[in-house]
Amino acid sequence: SHPRTHVSVLGRESFPPHPHHPPPASPPYPLLFLAKPFPLEMALEPPDLTFCQLLPEEAWRMVAYGWGGKDENDPGGATVIDSLDTLYLMELKEEFQEAKAWVEESFHLNVSGEASLFEVNIRYIGGLLSAFYLTGEEVFRIKAIKLGEKLLPAFDTPTGIPKGVVNFKSGSNRSWGWAMAGSSSILAEFGSLHLEFLHLTQLSGNQVFAEKVRNIRKVLREIDKPFGLYPNFLSPVSGNWMQQGRLERSHNCQPLCFFWQRKTDQETNDAIETHLVNVSPGGLTYIAEWRGGILDHKMGHLACFSGGMIALGAEDAKEEKRTHYRELAAQITKTCHESYARSDTKLGPEAFWFNSGREAVATQTSESYYILRPEVVESYMYLWRQTHDPIYREWGWEVVMALEKYCRTEAGFSGIQDVYSKVPNHDNKQQTFFLAETLKYLYLLFSEDDMLSLEDWVFNTEAHPLPVNHSDSSGRGGG
Ligand code: DMJ
């Protein structure tokens, strides 16, 4: 059996009431008040359990002001802003109001120091835009636009390809030191700006945001693609790939390739299938990593978003390819599930290999951790919406139970250092994307399809929903 659909449609019906915990008397918050034990027996037959009950209502508050909040290099409050739409969807009204008040009163943009263009865009701007679209509250629109303006100096490069780091005070920019010795921008980063920047133009009337990301698209359209693939590093100065004979983590290009080209260009998808997609001796389909002609037979947890992405792309693919892509998406998602199923905790490792008879398992302890990442449940959600095969809810429920068992702490949820050990090994961090993404995708997996219908909403890379512009028939999307 699988969990019954029990969550109502946003705004039309009330959710089942969730237990209310009174706020703690004073900070630091006492830990136990939110540690309502999750009834595991119920999890086996969970007809009435809602994800409101899964979210410890004070947990987000406990970490909300922690992520970088004391660092003048960071505007702070990433957890608050990353959680806004999840709180709203789950009808955690008091918490949402508290978060909104924090954004109004304490989220100041006159900060100094450096910030990551990518992270600020996907977490803060994405979070604020979603909150605006869901609620219509002006404060979110205004702060999103102001923050967007702060990011613009990142694009002051000879090619217009932005650098990864921007200094909010001086307006200078630089590349990450680890990106080909500070010479490169990261495709997965500058390829994840498009949606938000088009929305910033739409909401501000300022064309500059859209121009910046349309230029990125132009540069990428015109540049040579070795083997039809997009390498991960690009010089923002010369506009050339910086691959030093290696194509690294080329699968990172996929969100870009698929979303940009799903209506028009088969080439990139074919290149990915030709060069990267493999089937293991045990019959598991995976997307390998390409290093200068040599394949690493591994998949990162991060790459598990590709099941959902390919499923989504299939809907717009040519008729003769549609079934093939749906099947590919299902197979990759099944492989990612295997990486969870083959661990002792039923949570998946950061990376898993297909080598020497061992398949879909990490081979080093340094890759055995799980930091509450969303990509696998993200694919379950898309595949569920596409197929309504109950297996995806069953798999999702396995994750819920494992999170409860191994990641719930007295003060929220924590990553674990080793998915192959049942001994508690918390890393004592609740990543902001756990609230923004992991919980949201799980929630949607058990919701009706018209809760954020995929016809009308598109999720940014941090799972923040933005409305689809149905009048944009250009295939450029995101407007
Ligand atoms: C999130 O910030 C986003 O999903 C990003 O695309 C990848 N890293 C984390 C989740 O794993």
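Here, each number is a calculation from the coordinates, and none is a lab measurement. On a predicted model such as this, the values are computed, not experimentally measured, just so you know. Cβ sites come from the backbone with ideal geometry, for glycine too, and all protein chains shown count toward neighbours.
Observations on the structure shown:
- One decimal place: the segment residue 137-residue 355 gains 73.3 nm when fully extended, by the rule 0.36 nm per residue minus the C-alpha distance.
- Shape category assigned to the stretch 251-455 from the gyration tensor of Cα positions, a/c cut at 1.5: oblate
- Phi angles of the stretch 186-193 translate, via the Karplus equation with coefficients 6.51, -1.76, 1.60 and θ = phi - 60°, into HN-Hα couplings of 9, 3, 5, 7, 6, x, 10, 10 Hz per residue; Gly and Pro are given as x.
- Between the C-alpha center of the stretch 316-359 and that of the stretch 288-309 there is a gap of 11 Å.
- Distance violations [Cα-Cα > 18 Å] among 346/422; 218/321; 100/150; 163/298: 218/321; 100/150; 163/298
- Peptides ranked, highest mean first, by Cβ atoms within 10 Å: ranges 187-197, 326-336: 187-197, 326-336
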